[in-house]
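The values are calculated or read from the model by the stated rules, or taken from the named source; none is laboratory data. Since the model is a prediction, treat every value here as computed from it, not as a measurement. Don't worry about glycine lacking a Cβ; one is built from the backbone with ideal geometry, like all the others, and counts go over all protein chains shown.
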């Protein structure tokens, strides 16, 4: 029997997942958390086999939460869920220690397959992720500029590309405006762009914007 923790800052998403998961007889218990601190508190108070972790958690990036989870619970199975395509976060998530990366548009059958594979200690790789991993190994020396960004820089890049101002990003991530401005400068330097228009063009060309929910 499997115990699952859902971590997503959207209540509708959490409740939808709970409704889907509750139908499976092999799932014994389902809990939910709206953010990283609440998720870590839940993990400290009870045993879970699998965490379904949203990659965009508002104030804290899901990959940062993943790092904290693995620091305290190194054997915990984590499935990253996202509205972003595999080309954007798939390889990054697996390299960061996730046991699987699924788009939120995946079918319930795929979700269940991933959950039980991860619950047994395995890694669930979709065909799309497998292809990306193979390309990543083969082309390791010719990676695209955005692949060299840190997870935080990548998060700021996405927020900028989605039209958020530096002040809005600073508030959302609980960081100073100066810190976000520094991140923006680093991002532009690493990507070889000189303006937000060029940054948006880069993000669009490399499919770095989220898919429709």
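Descriptive notes on the structure:
- Of all the residues in the stretch 3-55, those that are at pLDDT 95 or above, in a strand (DSSP E or B) and closer than 19 Å to residue 101 by Cβ number 8.
- Scanning the stretch 67-111 for residues that are farther than 30 Å from residue 202 by Cβ and out of contact with any helix residue (DSSP H, G or I) (no Cβ under 8 Å at 6 or more places or on another chain) yields 70, 71, 74, 75, 107, 109, 110.
- Number of positions in the stretch 59-72 that are part of a loop (DSSP other than H, G, I, E, B) and buried (at least 16 other Cβ atoms within 10 Å of the Cβ): 0
- Remark: pairs (first residue in the stretch 178-196, free of Cβ contacts under 8 Å to residues at least 24 places away in the same chain; second residue part of a helix (DSSP H, G or I); Cβ separation under 6 Å; 6+ apart in sequence or on different chains) = 181/166; 193/199; 193/202.
- Of everything in the stretch 171-198 that is modelled with pLDDT under 90, in a helix (DSSP H, G or I) and within 21 Å of the chain's Cα centre (by Cα), the residue that is surrounded by the most Cβ atoms within 10 Å (Cβ to Cβ) is 173.
- Test: residue in the stretch 77-97 that is modelled with pLDDT of 95 or more and part of a loop (DSSP other than H, G, I, E, B): no
- The stretch 107-125: number of residues that are outside any strand (DSSP E or B), in contact (Cβ under 8 Å) with a residue 12 or more places away in the chain and surrounded by 13 or more Cβ atoms within 10 Å (Cβ to Cβ): 12
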